[in-house]
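Chemist: Handing you a structure now.
The values are calculated or read from the model by the stated rules, or taken from the named source; none is laboratory data. Everything numeric here is computed off the predicted structure, so don't read it as measured data. Quick reminder, even Gly has a Cβ in these numbers, built from the backbone with ideal geometry, and neighbours come from all protein chains shown. Areas reflect the complete protein model, heavy atoms only, side chains present, ligands, DNA and RNA absent. Shrake-Rupley method; radii C 1.70, N 1.55, O 1.52, S 1.80 Å.
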Amino acid sequence: MKSSRIPGFYKLAIEERIDKLAETFDLGREEIDALRGLGSLGLEQADKMIENAVGIYSLPIGVGLNFLINGKDYLVPMAIEEPSVVASCSFMAKLVRGAGGFTAGSTKRVMIGQVQVVGCEDFRAAKNALYSHRDELIELANVLVPNMVKRGGGALDLDVRVLNDNPGAKYSRMLVLHLYIDTQDAMGANTINTMVEGIAPRVEALTGGKVYLRILSNYTDTCLAWAKCVVPPHVLTTDGWTGEQVIEGMLHAHAFAASDTYRAVTHNKGVMNGVDAVVIATGNDWRAIEAGAHAYAARDGHYGPMTDWSKDENGNLVGFIELPMPVGIVGGSIGMHPMAQIALKFVRAKSARELAEVILAVGLAQNMAALRALATTGIQKGHMALHARTVAVTAGARGELVERIAQAMVEAQEIKIEKARELLATLDPA
Ligand code: MEV
């Protein structure tokens, strides 16, 4: 694939879009069928994935276009039911592309497993005992996951904290061991849980306490990714607003989210529209990503916006986002879900870190789209155009008639099924 710019992609019929991707990505018959909804996740797989399975829940999958990140083109798979998300972030990616694209990066991927110990006679001594057996505990954990170690991953380090150490503490004193684990390109939940469960008896023996919880933490502030864009004002000009005015409005929008939790949550919901769509499409655990992202947004004790928008000395709009992003490209249900496999083929991320960086760029683009619209015409205009397409299809319009009928309804400011039927009867009397 030479470019993620595919002009007029949205105007193609869905079969034509599938053909285009099939050709670009050299998709096989089964993959094409999966995109058509014929051979995707089947009942048999569903039955192996969860208990009491009775069917399959589907979502549309679209591709976000125009993403240029660190000089590489990405076609981004997005699974989402909400209209306008794919279109608006593709549009923002196009604007950012014109300004050189996104830059993105990530920290080394380190996951955290927690072991909770209560009832130690001497918490200080227990803590010291764990530290003085650091190498032994790491070795013990690694013996449990030989395949992960063979792939270059495994436990790297540990640390220990004593919680509720002050006399007036509401809850009882406890010791918490963090095992830091490199899970390579997997999210690694099972690996982490196996390791912390496996070392628990030795932790009990060393501390003289009782171990209760042994589980990964979804707050992976040791596995961060970030994305940034710098956009000159002229790129942002829209519907009677100069670029400078748009930037001013977007900075007020950012200040609002930074000052008010009611707004910050909605602001972040918009970010997660983009993030979750890619996380879901690629077969990752979006509840884990959601939980970690919101906690990170409150890391300084105050829940704030996940993005930061500012103006540089040249008057350019500067957007930045950083979140924990412990996604995987292997493991979990990724291998079981045919659509996740296809989605990963589209995005062409060679590592989990690369996928995380793409996801952050999408989250930033999504937020940029929302703020740009909210600070100018409002979001209903764009939503209505897309809603009109859905109404046209529901009324029975197909092919190029969908666009014509939708447009006519928007112009008439009457987006109703009766109007769509009336237009359809006029334009396509057959
Ligand atoms: C809608 O799904 C998302 C927005 O509400 C986000 C925002 O307000 O920033 C448009």
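Chemist: Please state which of the following conditions THR376 fails to meet, knowing it meets all the rest: (1) away from the ligand (no atom under 16 Å from the Cβ); (2) part of a loop (DSSP other than H, G, I, E, B).
Modeler: For THR376, the exception is condition (1).
Chemist: For the range 253-355, list the helices (runs of 4 or more DSSP H) that sit wholly inside it and hold at least 3 residues that are away from the ligand (no atom under 16 Å from the Cβ) and more than 20 Å from SER58 (Cβ to Cβ); which are they? Please lay out each step first, then the result.
Modeler: On the way: elements: 261-281, 286-297, 338-347.
Hits in the range 253-355: 286-297.
Chemist: What number of residues within the range 257-279 satisfy the criterion of being surrounded by fewer than 23 Cβ atoms within 10 Å (Cβ to Cβ), in contact with a Pro (Cβ under 9 Å, 6 or more places away or on another chain) and either at pLDDT below 95 or among the hydrophobic types (A, V, I, L, M, F, W, C) (or both)?
Modeler: 2
Chemist: A follow-up question, please. For the range 295-304, which residues satisfy the criterion of being over 17 Å from LEU216 (Cβ atoms) and either outside the structural domain of THR266 (by TED's automatic domain parsing) or open to solvent by 30 Å² or more (accessible area, probe 1.4 Å) (or both)?
Modeler: As a first pass, look at the range 295-304 and keep what is over 17 Å from LEU216 (Cβ atoms): 297-304.
Matches in the range 295-304: ALA298, ARG299, ASP300, GLY301, HIS302, TYR303.
Chemist: Tell me yes or no: at least one residue of the range 411-418 is more than 16 Å from the ligand (Cβ to nearest atom) and crowded, with 18+ Cβ neighbours inside 10 Å.
Modeler: In the first step, residues of the range 411-418 are kept if they are more than 16 Å from the ligand (Cβ to nearest atom); the result is 411-418.
Now narrow it down to the ones that are crowded, with 18+ Cβ neighbours inside 10 Å: 415.
Looking for residues that are more than 16 Å from the ligand (Cβ to nearest atom) and crowded, with 18+ Cβ neighbours inside 10 Å, one finds at least one in the range 411-418, hence yes.
Chemist: Can you spot a residue in the range 380-391 that is touching a strand residue (DSSP E or B) at 6+ places or on another chain (Cβ under 9 Å) and within 13 Å of the ligand (Cβ to nearest atom)? I'd like the intermediate steps shown before the answer.
Modeler: The first filter runs over the range 380-391 and keeps only residues touching a strand residue (DSSP E or B) at 6+ places or on another chain (Cβ under 9 Å), leaving none.
For the range 380-391, residues touching a strand residue (DSSP E or B) at 6+ places or on another chain (Cβ under 9 Å) and within 13 Å of the ligand (Cβ to nearest atom): absent.
Chemist: Filter the range 138-155 down to the residues that are outside any helix (DSSP H, G or I) and farther than 12 Å from GLN184 by Cβ and list them by number.
Modeler: We begin by selecting, within the range 138-155, every residue outside any helix (DSSP H, G or I); these are 144-145, 151-155.
Within the range 138-155, LEU144, ALA155 meet the criteria.
Chemist: Sticking with this one: Can you find, within the range 215-245, the residue that is surrounded by the most Cβ atoms within 10 Å (Cβ to Cβ) among those that are within 19 Å of PHE91 (Cα to Cα), in contact with a strand residue (DSSP E or B) (Cβ under 6 Å, 6 or more places away or on another chain) and of a type in the set (Val, Ile, Thr)?
Modeler: VAL231
Chemist: Conditions first: (1) open to solvent by less than 10 Å² (accessible area, probe 1.4 Å); (2) within 14 Å of the ligand (Cβ to nearest atom). VAL203 passes all but one, so which condition is the exception?
Modeler: Answer for VAL203: the failing condition is (2).
Chemist: Collect the residues in the range 161-218 that are free of Cβ contacts under 8 Å to residues at least 60 places away in the same chain and part of a loop (DSSP other than H, G, I, E, B), keeping them in residue-number order.
Modeler: Correct list: ASN164, ASP165, ASN166, PRO167, GLY168, ALA169, LYS170, TYR171, SER172, ARG173.
Chemist: Restricting to the range 65-84, count the residues that are within 16 Å of the ligand (Cβ to nearest atom), closer than 21 Å to SER351 by Cβ and open to solvent by 30 Å² or more (accessible area, probe 1.4 Å).
Modeler: 0
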